[in-house]
Amino acid sequence: MTDVIAAQRTRTNWAGNVTYRASGLARPTSVASLQELVASTPRLTALGSRHSFNTIADTDAVQVSLQDLPPVLDIDTSRRVVRVAAGMTHSQVAAGLEARGWALGNLASLPHISTAGAVATGTHGSGVRNPSLAQAVVGLDVVHAFGDLVHVSAGDGHLDAHRVALGALGVVTAVELAIEPTFQVATTVHLDLPWDAVASSFDRIMSDAYSVSMFTSFDDRGARQVWVKHRSDEPAPTVDLVALGARPATGPVHPGENDPAGVTEQGGVPGAWSERLPHFRSSFTPSTGAEIQAEYLIPAASAVAALQALRPLEALFAPILIAAEVRTIAADTAWLAPSSERQSVGLHFTFRRDATAVAAAVERIEEVLAPFDPRPHWGKVSAASAERLHEAYPHLSAFAALARELDPAGRFRNPFLERVLA
Ligand SMILES: Cc1cc2nc3c(=O)[nH]c(=O)nc-3n(C[C@H](O)[C@H](O)[C@H](O)COP(=O)(O)OP(=O)(O)OC[C@H]3O[C@@H](n4cnc5c(N)ncnc54)[C@H](O)[C@@H]3O)c2cc1C
């Protein structure tokens, strides 16, 4: 067995706002050695690419990373499914698929995240017809608590629990994802769409193209950027954003404060899905990482009311908000997807890395959004109590029961899960 449990040294998540308490990091080089590790380690937590902003991937025991497992990318063209090693990033998967003429239906803003980590938290992109990335999972291989390697597929009933599993059911080693023939996307950006146009035309704008995002600071500029990602094989967008009061961007823009060189091409230039659906280029680091993110998925029908309710928080946000993004997510079947069983709008906040000020802002946001039944993103910060999470996620109790059944000794429990699954 070539696994190494690395000596403890200070390690953090990507953003640097969480210092891991784990006593070690195991990096198995084969699935068999991962199985041995799981069977012989009382407590361990899977670690992806460290892009979550809370302690979901931390533990006071051992973290296990799959980054040394061999990459796998096998395309079954007849089933339209790709099988990938779970630790591979979306950039790696997207590049491999695009090179062979295939595509995933959607991607998150950042392609650097691991496939298993994105799936485990219900990570999403945007699009009224695009569910979370976990919904593309048609099967997966997972090492369960006794070290047994199990294939979970659509027929056996537990796939919807395993799709978004928060690391609680086992260590996923391979994921099978639905694919489609490659397609082209063109991104155009408009600036400063007034609030009254956002209110009157929100649904039309958000459904006018394959993937649409609005960015706002909740100030008088309204939606200060509207990114419309049009799929070339679909009818052209029809909403005239200029007639609604916006103006076309005259060059590339970054949604936050960084150099626009790091964003995927805009200006309506068609390009491969893999180079347009993420906001950030895989070849660039999207920011310094000195940020903290929070996000809430609410029923799509409440989006305009929720945005209006948040506007009075502009002054609270001003010192710390880098960008807020509004996206749409189609309903999922995954039990714990934030978009589970409801057409959703995601209200996302990228804050400066000021943990105290962000905690205060997050508490206030959650008070304001409470009437809209918000579901916090599993990979971002939230003040929600376990009780509140159980109200927001109707399948959470059934999931906790399944976790106890599959992992009776709590091998995959960490403090985050102890709290959430209580
Ligand atoms: C700059 C930036 C942009 C982002 N953009 C988006 C976005 O557009 N949309 C969105 O929804 N989210 C977004 N996120 C959040 C991000 O997608 C999630 O936090 C995601 O979970 C990160 O994946 P990861 O591989 O880093 O997982 P980690 O943070 O390392 O782990 C997250 C969870 O996945 C579990 N896990 C990881 N690997 C495995 C495995 N092999 N088996 C079982 N469980 C596993 C962990 O145990 C943990 O529960 C963004 C984050 C950043 C930093």
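For S232, project a label point 7 Å along Cα to C-beta. Then give me every residue of the range 238-264 with its amide nitrogen under 20 Å of that point. Hits in the range 238-264 for S232 at 20 Å: 238, 264. For the range 237-331, rounded, prolate or oblate, judged on the Cα gyration tensor with a ≥ b ≥ c (square roots of eigenvalues), a/c < 1.5 rounded, else prolate if a/b > b/c? In terms of gyration-tensor shape, oblate. When the charge dipole of the range 278-422 is built from unit charges on Cβ atoms (+1 for Lys and Arg, -1 for Asp and Glu) and taken about the Cα centre, the candidate among V358, T285, A398 whose Cα reaches farthest toward its positive end is T285. A simple charge model with +1 on the Cβ of Lys and Arg, -1 on the Cβ of Asp and Glu and nothing else charged puts the dipole of the chain at about 480 debye relative to its Cα centre.
Convex hull volume per residue, computed on the Cα atoms of the range 145-185, equals 115 Å³.
The coefficient of translational diffusion for the range 40-136, derived via Stokes-Einstein from the alpha carbon Kirkwood radius under 4 °C and 1.567 mPa s, stands at 89 µm²/s.
Each helix, a run of at least 4 DSSP H residues, gives -39500 (n - 2.57); summed and divided by the residues of the chain, these come to -6000 deg cm²/dmol at 222 nm. Cut-off 10 angstrom, C-alpha nodes, Gaussian network model of the chain. Which of T238, T123, T182 fluctuates the most? Looking only at T238, T123, T182, the biggest GNM fluctuation is shown by T238.
Accessible area of T356 (1.4 Å probe, protein heavy atoms only, ligands and nucleic acids ignored): about 110 Å². Residue ranking by accessible heavy-atom surface, 1.4 Å probe, largest first, among F372, F146 comes out as F146, F372. Taken along the Cα-to-beta-carbon direction at a fixed 7 Å, the label points for T29 and T250 span 5.7 nm.
Placing dummy labels 7 Å off each Cα toward the beta-carbon, the span from R129 to R364 is 4.0 nm.
Would you mind classifying the range 188-283 by shape? Square roots of the alpha carbon gyration tensor eigenvalues, ordered a ≥ b ≥ c; an a/c under 1.5 is rounded, otherwise it is prolate if a/b is larger than b/c and oblate if not. Oblate, because a/c is 1.5 or more while a/b does not exceed b/c. Loop only per DSSP, at most 14 neighbouring Cβ atoms within 10 Å: give me the trypsin sites (Lys or Arg not before Pro) in the range 6-109, ordered by residue number. Those that pass, being in a loop and sparsely packed, are R9, R79, R80, R100.
The shape of the range 1-84 comes out oblate: with a ≥ b ≥ c from the C-alpha gyration tensor, a/c is at least 1.5 while a/b does not beat b/c. Between T55, T77, T264, the Gaussian network model of the chain with springs among Cα atoms under 10 angstrom shows the greatest mean-square fluctuation at T77.
So, counting K/R as plus one and D/E as minus one, what does the shell of residues with Cβ under 10 Å around G410 add up to? Computed value for this residue: +2.
For the pair A95 and F146, the difference between a 0.36 nm per residue extended length and the Cα-Cα distance amounts to 14.9 nm. Accessible surface comparison of D160, D74, probe 1.4 Å, protein chains only, largest first: the order is D74, D160. Extent along the principal axes, Cα only, for the chain: 64, 48, 38 Å, with the longest axis given first. Residue order by solvent-accessible surface for E180, E291, E387 is E387, E180, E291, largest first, with ligands and nucleic acids left out and a 1.4 Å probe. Approximating the spin labels as points 7 Å out from Cα along Cα→Cβ, the R352-to-A178 distance works out to 4.3 nm. Annotation: amide H-H contacts under 5 Å for Q293 (H modelled 1.01 Å from N, sequence separation of 5 or more, or interchain): F351, V381. Once the Cβ-Cβ distance of A154 and A315 is raised to the sixth power relative to R0 = 51 Å, the FRET efficiency obtained is 0.55. About its Cα centre, the range 90-237 has a charge dipole of approximately 180 debye under the convention of +1 per Lys or Arg Cβ and -1 per Asp or Glu Cβ, with nothing else charged. For V64, the residues 5 or more places off, or on other chains, whose built amide H falls under 5 Å of its own are A26, T45, A46, L47. The range 47-83 and the range 354-395 have their alpha-carbon centroids 26 Å apart. Note on H279: accessible area is roughly 10 Å² with a 1.4 Å probe, heavy atoms of protein only.
The values are calculated or read from the model by the stated rules, or taken from the named source; none is laboratory data. These numbers were taken from a predicted model, which means no experiment stands behind them. Here Cβ is always computed from backbone atoms with ideal geometry, including for glycine, and neighbour counts include all displayed protein chains. Heads up: the accessible areas ignore ligands, DNA and RNA and are worked out on the full protein's heavy atoms, side chains in. Shrake-Rupley method; radii C 1.70, N 1.55, O 1.52, S 1.80 Å.
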